[in-house]
1. If I filter the stretch 183-210 down to residues being assigned to a helix (DSSP H, G or I) and in contact with a Lys or Arg (Cβ under 7 Å, 6 or more places away or on another chain), which single residue comes out as farthest from Leu106 (Cα to Cα)?
2. Working carefully through the options Tyr176, Tyr147, find the one that is more than 21 Å from the chain's Cα centre (by Cα) and part of a helix (DSSP H, G or I).
3. Output the qualifying pairs, or none if there are none: Cβ atoms under 9 angstrom, residues six or more apart or on different chains, first residue in the stretch 153-168 and closer than 18 Å to Ala199 by Cα, second residue of a type in the set (S, T, N, Q).
4. Is it true that some residue in the stretch 159-169 is among the small types (Gly, Ala, Ser) and closer than 22 Å to Glu33 by Cβ?
5. Within the stretch 170-192, identify whether any single residue is buried (at least 17 other Cβ atoms within 10 Å of the Cβ) and either out of contact with any helix residue (DSSP H, G or I) (no Cβ under 9 Å at 6 or more places or on another chain) or closer than 26 Å to Arg81 by Cα (or both), and answer yes or no.
6. In the set Ser129, Ser134, Ser117, which member is more than 25 Å from Met83 (Cα to Cα) and among the hydroxyl-bearing types (Ser, Thr, Tyr)?
7. Only one of these conditions is not met by Met1: (1) surrounded by 13 or more Cβ atoms within 10 Å (Cβ to Cβ); (2) modelled with pLDDT under 90. Which number is it?
Amino acid sequence: MDEDIQQPQPAPEKLTLPDVIKAVFTDYVGFAERHLKEPNPPAMLVAVWLIGMDAVAGGIELENVLGQQSAVQDWFHIWIRIMVGGTAAGALRYWLAGSLFHVLVLGAGGKGPARTSRYIFLYAALPVSVVDLSVKVVQMLVYGNGYFAGRTNAALEGVFATLMLGAFAYTLILCYRGMRTLMEADRRRSIAILAAVTAGMIAFMIIATR
């Protein structure tokens, strides 16, 4: 008799972007196990936009580092470019970089759909994107357009660099945890592949800025 009585099902968990960011920073594995195995995880489109804005911001920063004449050196126009270009850049980054991440997952012995790998990459990339965009806001408020003329504070820039390194390291940890937890990748191969990718990125940045 009791088996015939349908128990009320709990309402699906609805997470806002702040909830998602908090979960990524504090309980990524739990968040991944609850939400990244199924289509349309929480705040996905906004997360794609955030990593896209970060990609555009990184491109603008590289233009200024390289001293290109086309480099934008006005915060107002930079933020317009970041916000407008973030959608397309985010979609490309999600599909291309996420698909490349799936190849790395397979190389580490993981198994599962490419969609899950892209989800892992997307949400693992949020710490870097959130920290980088937050740093850009603080730089704008503190330096104004003088930032582009080199009028900066060395100690404060050191703090920013430390925050970015920490965010990047944490993103790598989240990628590793996602590979191991959701895709059952081999531990040693996952570490080796992520280390090789990191070394390649560092080498590229050194070569590009010389």
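1. Arg187
2. Tyr147
3. Close Cβ pairs satisfying both conditions: Ala167/Ser129; Phe168/Thr198.
4. no
5. Yes, some residue in the stretch 170-192 is buried (at least 17 other Cβ atoms within 10 Å of the Cβ) and either out of contact with any helix residue (DSSP H, G or I) (no Cβ under 9 Å at 6 or more places or on another chain) or closer than 26 Å to Arg81 by Cα (or both).
6. Ser117
7. Here Met1 meets the rest and fails (1).
The values are calculated or read from the model by the stated rules, or taken from the named source; none is laboratory data. Everything quoted here is computed from the prediction, not taken from an experiment. Neighbour counts are summed over all protein chains in view; Cβ atoms, including those assigned to glycine, are modelled from backbone coordinates with ideal geometry.
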